[in-house]
Amino acid sequence: MTGRTTGRARRAAVLGSPIGHSLSPELHRAAYRALGLTDWTYDRFEVTERTLRPFLGELSGPWAGLSLTMPLKRAVIPLLDEVGETATAIEAVNTVVFTDDGRRIGDNTDVPGLLAALAERGVTRVPEAAVLGAGATASSALAALGRICDGEVTAYVRSPERAAEMRGWGERLGVRVRTADWADAARALRAPLVVATTPAGSTDALAGAVPERPGTLFDVLYEPWPTPLAAAWSARGGEVLGGLDLLVHQAVLQVELMTGVPEAPLAAMRAAGEAALAARAALREQSA
């Protein structure tokens, strides 16, 4: 896609529902500013599974790409001309790039983004790992762990149905997955790498179970931050990554795919995300 950054104004956006909380506009706009792409714009649109097809049908002209969040990551797949290997494996597209000849190419930057965030902290290989939860992000976590985990991944889930889903993902992705009941989730914290993929509040009760010498925790939440589990983990001296780490690294890859630049400005994008979250926290304090 060399050369996409020059010539004419281009558009990009993030789609989903709800979408008002998304930090993607702040991250992508910061990238455009740092890269000098003054004629590029990035917006957000409330789009549901029902309105996705007509929304895509109306796009034309200067559109370069889209970021997708829930509930659109799977719904968009049949509407694309081509889907990348990673996105196909986990049945989730979070990035759509429009080629110059009008084709729609789907990809997934969550998996390589998660790996890049871990590598930035020096985590490139682990003997085993644990995953808390079994939602859509958990399948991305399994795909990433399949590339850096030498042993078994234990998934802690709340129901037999979720356990079956995670074992199925493991078989599909070539990852050795063992499932355990959520009631035993405190045991997960002993793993050298723990990936928490659950909604806000779900892991709060585990904060008191952090071991004396914890390994690495990757909690995919970014607001409010830190979570009680992340705070307790840091207090014990463990390495902690948060949802902003994942969001920034996957957005870096999106910018590179959409614009064709060889290296997106990671530092500028992270600073923009941190500033946006700080501003939101200040507003919450004022209204409290």
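The values are calculated or read from the model by the stated rules, or taken from the named source; none is laboratory data. A quick note: this is a predicted structure, and the numbers were derived from the prediction, not measured. No Cβ is skipped: glycine too gets one built from the backbone with ideal geometry, and neighbour counts run over all protein chains shown. Accessible surface is based on the protein model in full, side chains and every heavy atom, while ligands, DNA and RNA are left aside. Shrake-Rupley method; radii C 1.70, N 1.55, O 1.52, S 1.80 Å.
Any residue at all in the range 260-276 that's among the basic types (Lys, Arg), modelled with pLDDT under 95 and in a helix (DSSP H, G or I)?
Checking the range 260-276: not a single residue is among the basic types (Lys, Arg), modelled with pLDDT under 95 and in a helix (DSSP H, G or I).
Considering only the range 63-106, how many residues are at positive phi and either touching a Cys at 6+ places or on another chain (Cβ under 9 Å) or acidic (Asp, Glu) (or both)?
Total meeting the criteria: 1.
Identify, from the list Arg29, Arg11, the residue that is closer than 25 Å to Glu274 by Cα, open to solvent by 70 Å² or more (accessible area, probe 1.4 Å), modelled with pLDDT of 95 or more and not in a strand (DSSP E or B).
Result of the check over Arg29, Arg11: Arg29.
What pairs come out if I take residues in the range 164-180 that are in contact (Cβ under 8 Å) with a residue 60 or more places away in the chain and pair them with residues that are of a type in the set (Ser, Thr, Tyr) whose C-beta lies under 8 Å away, six or more apart or interchain?
Qualifying pairs under 8 Å: Trp169/Ser139; Leu173/Ser139.
Testing Asp43 on (1) touching a helix residue (DSSP H, G or I) at 6+ places or on another chain (Cβ under 8 Å); (2) open to solvent by 10 Å² or more (accessible area, probe 1.4 Å); (3) part of a helix (DSSP H, G or I), one condition comes back false. Which one is that?
Answer for Asp43: the failing condition is (3).
Could you list, in sequence order, all residues of the range 192-205 that are of a type in the set (A, V, I, L, M, F, W, C), open to solvent by 20 Å² or more (accessible area, probe 1.4 Å) and within 23 Å of the chain's Cα centre (by Cα)?
Across the range 192-205, the qualifying residue is only Ala200.
Taking into account only those residues within the range 59-73 that are assigned to a loop (DSSP other than H, G, I, E, B) and without any contact (Cβ under 8 Å) to a residue 60 or more places away in the chain, which is least open to solvent (accessible area, probe 1.4 Å)?
Leu72
Checking the structure you have, find out if any residue of the range 82-98 is farther than 25 Å from Leu114 by Cβ, touching a helix residue (DSSP H, G or I) at 6+ places or on another chain (Cβ under 8 Å) and surrounded by fewer than 17 Cβ atoms within 10 Å (Cβ to Cβ).
No, that holds for no residue.
Pairs only if they're at least six apart or on different chains, beta carbon under 6 angstrom, first in the range 35-57 and in contact (Cβ under 8 Å) with a residue 12 or more places away in the chain, second of a type in the set (D, E, K, R) and assigned to a helix (DSSP H, G or I); list them, first residue then second.
Matching pairs, first to second residue: Tyr42/Arg29.
Return the residues of the range 173-228 that are of a type in the set (Phe, Trp, Tyr) and in a helix (DSSP H, G or I); say none if nothing qualifies.
Of everything in the range 173-228, just one residue is of a type in the set (Phe, Trp, Tyr) and in a helix (DSSP H, G or I), namely Trp182.
(1) open to solvent by less than 40 Å² (accessible area, probe 1.4 Å); (2) in contact with a strand residue (DSSP E or B) (Cβ under 9 Å, 6 or more places away or on another chain); (3) closer than 18 Å to Met70 by Cβ; (4) not hydrophobic (A, V, I, L, M, F, W, C): which one isn't true of Gly170, the others all being true?
Result: Gly170 passes all but (3).
Among the residues of the range 74-95, write down those that are part of a helix (DSSP H, G or I) and in contact (Cβ under 8 Å) with a residue 40 or more places away in the chain.
Correct list: Thr86, Ala89, Ile90.
Based on what the data block shows, is Asp101 of a type outside the set (Lys, Arg) and assigned to a loop (DSSP other than H, G, I, E, B)?
Criteria met by Asp101.
What number of residues within the range 112-159 satisfy the criterion of being of a type in the set (A, V, I, L, M, F, W, C), assigned to a helix (DSSP H, G or I) and open to solvent by less than 10 Å² (accessible area, probe 1.4 Å)?
Count: 8.
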